[in-house]
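Structure first, commentary second.
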Amino acid sequence: MSPKGHLVVFAKKPRIGRVKSRLAADIGKVPAWSFYRQTLTKVLRRLEGQDRWHCWIAVTPDQAVYSPFLATNKWRPIGQGDGDLGHRMGRVMQGMPPGPVVIIGTDIPDISIAHITQAFDALGSHACVFGPAADGGYWLVGQKRRPRVIDLFKNVRWSTEHALSDTMTNIPSGRQAAVLETLEDVDDCASFARWQDRRTP
């Protein structure tokens, strides 16, 4: 039997003025913090997985693993460590126990259990899986990690429209990637307004 997969949520400790800085510049620090905290809480509850996958939350700063907001039995907290986003995701991708790994962020309030199920299903026949974001980045990245872990994150221009294409360039010849639905990061006033419109019946 194949090992059960690992879902890892990358998150920052929700502190006012330390999260969603671009959104905060548009709507204010407190509303941006409130959005981030509520989204993080809802995503964690939604994706607990009903034992379909192991649940991990990789937090920064590392000391946040002891924070009360992580007091949950379903999600095991770990520190992200230092370095840029690529170094941190690569470290987690390498360090997880056996089984496929899927990493997501907390900027996409529309992530569902169906999306995560699709990602793990795709890793049955693909080396990698991506959830593209509308801005050229991605909201999900996963690897089968067999026969080895691919170094996906070298020379990636983070926080640009090139992030996804740069990452996919690192996939070795002969290894295939699956691509899921494109979703939108909520990181500025315009995307926040569109998200609010989607919530309106």
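Can you tell me which residue is surrounded by the fewest Cβ atoms within 10 Å (Cβ to Cβ) among those in the stretch 1-52 that are in contact with a Leu (Cβ under 7 Å, 6 or more places away or on another chain) and small (Gly, Ala, Ser)?
Once the filter is applied, the top-ranked residue is GLY49.
Of all residues in the stretch 15-62, count the ones that are hydrophobic (A, V, I, L, M, F, W, C) and in a loop (DSSP other than H, G, I, E, B).
Adding up the residues that qualify gives 4.
The rows are residues; the columns are (1) modelled with pLDDT under 95; (2) part of a loop (DSSP other than H, G, I, E, B); (3) out of contact with any strand residue (DSSP E or B) (no Cβ under 8 Å at 6 or more places or on another chain).
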| position | (1), (2), (3) |
| --- | --- |
| GLY90 | no, no, yes |
| GLN94 | no, no, yes |
| GLY99 | no, yes, no |
| VAL102 | no, no, no |
| THR106 | yes, yes, no |
| PRO109 | yes, yes, yes |
| HIS126 | no, yes, no |
| ASP135 | yes, yes, yes |
| GLY142 | no, no, no |
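For the stretch 168-188, which positions are surrounded by 12 or more Cβ atoms within 10 Å (Cβ to Cβ) and either outside any loop (DSSP other than H, G, I, E, B) or touching a Cys at 6+ places or on another chain (Cβ under 9 Å) (or both)?
Scanning the stretch 168-188 gives MET168, THR169, ILE171, ARG175, ALA177, ALA178, VAL179, LEU183.
Looking only at the stretch 131-138, decide whether some residue is crowded, with 20+ Cβ neighbours inside 10 Å, more than 14 Å from ALA163 (Cβ to Cβ) and of a type outside the set (Asp, Glu).
Within the stretch 131-138 (the criterion being crowded, with 20+ Cβ neighbours inside 10 Å, more than 14 Å from ALA163 (Cβ to Cβ) and of a type outside the set (Asp, Glu)), the answer is no, since none of the residues qualifies.
Specify which of the listed residues (PHE120, PHE192, PHE130, PHE153) is under 23 Å from GLN50 (Cβ atoms) and aromatic (Phe, Trp, Tyr).
PHE120
The values are calculated or read from the model by the stated rules, or taken from the named source; none is laboratory data. All figures in this text were calculated on a predicted structure; none of them were measured in a lab. Heads up, the Cβs are rebuilt from the backbone with ideal geometry, glycines too, and the neighbour counts pull from every protein chain shown.
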